[in-house]
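K.L.:
Provided herewith is a single structure, encoded as structure tokens, for subsequent inquiry.
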Number of protein chains: 2
Amino acid sequence: MPRPSRPLLTTERIARVGLEIIDAEGLEALSMRRLAERLDVRAASLYNHVPNKDDLLHTISDEVMAQVDVSDFESDWPTGLRTWARSYRAALRAHPNLVPFLASGPAHRENALRRADRVHGGLVRAGWPQRYATMIGASTKYLVVGSAMASFAEGFPADASVYDERFPHLDRAHLLPQHTEIDADSFELALSALVDGLREVYRTLAAATPEDEAAAPQHPR
Amino acid sequence: MPRPSRPLLTTERIARVGLEIIDAEGLEALSMRRLAERLDVRAASLYNHVPNKDDLLHTISDEVMAQVDVSDFESDWPTGLRTWARSYRAALRAHPNLVPFLASGPAHRENALRRADRVHGGLVRAGWPQRYATMIGASTKYLVVGSAMASFAEGFPADASVYDERFPHLDRAHLLPQHTEIDADSFELALSALVDGLREVYRTLAAATPEDEAAAPQHPR
DNA sequence: ACCTGAACACCGTTCAAGT
DNA sequence: ACCTGAACACCGTTCAAGT
């Protein structure tokens, strides 16, 4: 077969169709062979544009994570944290089938490090000690990843007869799979509680060691 | 080959060796063929004791999750919640390679429903309205699953040169992979903040509608 | 009842051969 | 430079055949 004047494939097109398969049929449905078929090409051809399947998944993830907003730390840290957390969760929820990969894959890529740097910088500029900035970034990530990964509502069978007398407190649990807004509400509840709890910590730190630049917030607002 | 007087295999032994492989070599390293080899048997033999690989993973998960303590709601709900959250996280951290499956698999099994029922019952008995009990269970699960799934410390490259001038706020991030206690500390910080935040919600609910049994805590302590 | 070989329909990845 | 057929070393699962 002659080489076409313009290549049949590009990394972008491979990544785009790959994400389409994941969104439509699930993470396990993405195979190099199936992806090639969708692109009217043989599996081996993909390796001219992508080093391997794992790298392709990282490329797809990079695209999805580009929607995360880490830029809102200018006014105050609770606002920056909330904007980050909500846009992060929205990005994951937009592609739920990709979440297991997104959550487990370490964030070694340039863009991931840039986002981490922005969040950390935003918190430190707001007066948080380095160590707290790290822990707050981690805590927030846990909440986001957990809420995207472990849909609480979908975890329960929709068949009412499953529960009967054996699980008296779950007598309405069969309704949960229809009420997926319970996941969004739970996330907001947890995020509010986390931010409120952190505000308290912030006040305590500022009051305890007002002069010690290494251990306390430097510019409390 | 003659049928032995006692079967070579049992579901328990298959599950135990399966978990050993996962712990030692990772979730992707567990294949029915590799598992069979370890058990000195052919892959097809496993299907006399286990319906398929997915069911086997659920059996293994059930075993691991049996370590979760949902019994500590007798004195007060914050204690019950903390005991649940900590034992849940400990169970996941004991088998980190299994976490992606544990987190994604819906909790349809008998024991999982029993645990959910206990947590929900503990919260409702403490005076939380049904809807809040659900959201608190969900929020706590997010935190636990997120912290077990997305190790913050391990997410950063250990090579200091990666960061240099490009990520000024991450100048000490290369030290994180050695400091995995940052994940435990971050989890405790988030758990404290969550419980404190919820205490506040509890007080607000009790004060707002002291007579309304449907919408407010019934036995505030 | 339980183990087996062989088969089926898949995988990811490599590589010499084509144009 | 880029696509391909063929191959290698794997998968999960089924099933008739053995004892």
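The values are calculated or read from the model by the stated rules, or taken from the named source; none is laboratory data. Remember, predicted model here, so these are calculated numbers, not experimental data. When we count neighbours, we look across all protein chains shown, and the Cβ atoms used for this are built from the backbone with ideal geometry, even at glycine.
K.L.:
When only residues in segment B:48-64 that are within 14 Å of chain A (Cβ to nearest Cβ) and touching a Leu at 6+ places or on another chain (Cβ under 9 Å) count, which is nearest to DNA strand C (Cβ to nearest atom)?
P.N.:
So the residue we want is B:LYS53.
K.L.:
Give the residues of segment B:26-50 that are within 14 Å of B:ARG16 (Cα to Cα) and of a type in the set (Val, Ile, Thr), sorted by residue number.
P.N.:
B:VAL50
K.L.:
Of all the residues that make up segment B:72-92, how many are under 19 Å from B:ALA153 (Cβ atoms) and in contact with a helix residue (DSSP H, G or I) (Cβ under 6 Å, 6 or more places away or on another chain)? Write out each step before concluding.
P.N.:
Here is the first cut: in segment B:72-92, the residues under 19 Å from B:ALA153 (Cβ atoms) are B:86, B:89-90, B:92.
Then drop every residue that is not in contact with a helix residue (DSSP H, G or I) (Cβ under 6 Å, 6 or more places away or on another chain), which leaves B:89, B:92.
Of the residues in segment B:72-92, 2 are under 19 Å from B:ALA153 (Cβ atoms) and in contact with a helix residue (DSSP H, G or I) (Cβ under 6 Å, 6 or more places away or on another chain).
K.L.:
Considering (1) in contact (Cβ under 8 Å) with a residue 12 or more places away in the chain; (2) under 24 Å from A:VAL195 (Cα atoms); (3) buried (at least 21 other Cβ atoms within 10 Å of the Cβ); (4) among the small types (Gly, Ala, Ser), say which one B:ALA116 fails and leave the rest.
P.N.:
Among (1) in contact (Cβ under 8 Å) with a residue 12 or more places away in the chain; (2) under 24 Å from A:VAL195 (Cα atoms); (3) buried (at least 21 other Cβ atoms within 10 Å of the Cβ); (4) among the small types (Gly, Ala, Ser), B:ALA116 violates only (2).
K.L.:
What number of residues in segment B:1-38 are more than 18 Å from B:HIS95 (Cβ to Cβ), away from DNA strand D (no atom under 12 Å from the Cβ) and at pLDDT 95 or above?
P.N.:
Residues flagged as more than 18 Å from B:HIS95 (Cβ to Cβ), away from DNA strand D (no atom under 12 Å from the Cβ) and at pLDDT 95 or above within segment B:1-38 amount to 2.
K.L.:
Same structure again: Yes or no: B:THR140 of a type in the set (Val, Ile, Thr), closer than 27 Å to A:TYR163 by Cβ and more than 11 Å from every other protein chain (Cβ to nearest Cβ)? Let's see the steps before the verdict.
P.N.:
Numbers: of a type in the set (Val, Ile, Thr): yes; closer than 27 Å to A:TYR163 by Cβ: yes; more than 11 Å from every other protein chain (Cβ to nearest Cβ): no.
It is false that B:THR140 is of a type in the set (Val, Ile, Thr), closer than 27 Å to A:TYR163 by Cβ and more than 11 Å from every other protein chain (Cβ to nearest Cβ).
K.L.:
Of the residues that sit in segment B:106-130 and are more than 9 Å from chain A (Cβ to nearest Cβ) and under 15 Å from the mean Cα position of the chain (by Cα), which one is farthest from B:ALA15 (Cα to Cα)?
P.N.:
Filtering first and then ranking leaves B:ARG115.
K.L.:
For B:LEU123, indicate whether it is in a helix (DSSP H, G or I), surrounded by 19 or more Cβ atoms within 10 Å (Cβ to Cβ) and either of a type in the set (Phe, Trp, Tyr) or at pLDDT below 95 (or both). Before you say what the answer is, go through the steps one by one.
P.N.:
On the way: in a helix (DSSP H, G or I): yes; surrounded by 19 or more Cβ atoms within 10 Å (Cβ to Cβ): yes; either of a type in the set (Phe, Trp, Tyr) or at pLDDT below 95 (or both): no.
Answer is no for this residue.
K.L.:
Could you list, in sequence order, all residues of segment A:131-167 that are more than 17 Å from B:VAL145 (Cα to Cα) and of a type in the set (Val, Ile, Thr)? Show your work before the answer.
P.N.:
Let us first name the residues in segment A:131-167 that are more than 17 Å from B:VAL145 (Cα to Cα), namely A:131-134, A:157-167.
The answer is A:THR134, A:VAL162.
K.L.:
When you scan segment B:30-43, do you find a residue that is under 17 Å from B:VAL99 (Cβ atoms) and of a type in the set (A, V, I, L, M, F, W, C), even just one? Write out each step before concluding.
P.N.:
First, the residues of segment B:30-43 that are under 17 Å from B:VAL99 (Cβ atoms): B:30.
Remaining after also requiring of a type in the set (A, V, I, L, M, F, W, C): B:30.
Checked segment B:30-43: at least one residue is under 17 Å from B:VAL99 (Cβ atoms) and of a type in the set (A, V, I, L, M, F, W, C).
K.L.:
Hey, any hits in segment B:145-156 for a residue that's of a type in the set (Val, Ile, Thr), assigned to a helix (DSSP H, G or I), surrounded by 22 or more Cβ atoms within 10 Å (Cβ to Cβ) and within 8 Å of chain A (Cβ to nearest Cβ)? So that I can check it myself, show each step before the final result.
P.N.:
Residues of segment B:145-156 of a type in the set (Val, Ile, Thr): B:145.
Keeping just the survivors that are assigned to a helix (DSSP H, G or I) gives B:145.
Applying the additional criterion that residues be surrounded by 22 or more Cβ atoms within 10 Å (Cβ to Cβ) yields B:145.
Right, trim to within 8 Å of chain A (Cβ to nearest Cβ) and you get B:145.
Yes - at least one qualifying residue is present in segment B:145-156.
K.L.:
Which condition from (1) farther than 26 Å from B:ASN111 by Cα; (2) more than 10 Å from DNA strand D (Cβ to nearest atom) is the one that B:SER61 breaks?
P.N.:
Checking B:SER61 against (1) farther than 26 Å from B:ASN111 by Cα; (2) more than 10 Å from DNA strand D (Cβ to nearest atom), the one that fails is (1).
K.L.:
If you check every pair at least six apart or on different chains, which have Cβ atoms under 8 Å apart with a residue in segment B:34-47 that is away from chain A (no Cβ under 14 Å) first and a residue that is modelled with pLDDT under 95 and more than 6 Å from DNA strand D (Cβ to nearest atom) second?
P.N.:
Matching pairs, first to second residue: B:LEU39/B:LEU8; B:LEU39/B:LEU9; B:ASP40/B:LEU8; B:VAL41/B:LEU8; B:VAL41/B:LEU9; B:SER45/B:LEU8; B:SER45/B:LEU9; B:LEU46/B:LEU9.
K.L.:
Could you check segment A:157-183 and list, in sequence order, the residues that are more than 9 Å from chain B (Cβ to nearest Cβ), part of a helix (DSSP H, G or I), at pLDDT 90 or above and loosely packed, with under 15 Cβ neighbours inside 10 Å?
P.N.:
A:ALA160, A:SER161, A:LEU175, A:GLU181
K.L.:
Something else now. Could you tell me which residue of segment B:39-58 is farthest from B:THR11 (Cα to Cα), considering only residues that are more than 10 Å from DNA strand D (Cβ to nearest atom) and surrounded by 14 or more Cβ atoms within 10 Å (Cβ to Cβ)?
P.N.:
First, pick out the residues of segment B:39-58 that are more than 10 Å from DNA strand D (Cβ to nearest atom): B:39-41, B:49, B:58.
Now restrict to residues that are surrounded by 14 or more Cβ atoms within 10 Å (Cβ to Cβ): B:39, B:41, B:49, B:58.
Working: B:LEU39: 12, B:VAL41: 14, B:HIS49: 6, B:HIS58: 12 Å.
In this case the residue turns out to be B:VAL41.
K.L.:
Let me ask something else about it. Between residues in segment B:183-200 that are within 15 Å of B:TRP128 (Cα to Cα) and residues that are polar (S, T, N, Q) and part of a helix (DSSP H, G or I), which pairs lie under 8 Å by C-beta distance while being six or more apart or on different chains?
P.N.:
Pairs that qualify, where the first residue is within 15 Å of B:TRP128 (Cα to Cα) and the partner is polar (S, T, N, Q) and part of a helix (DSSP H, G or I), are B:GLY197/A:SER192.
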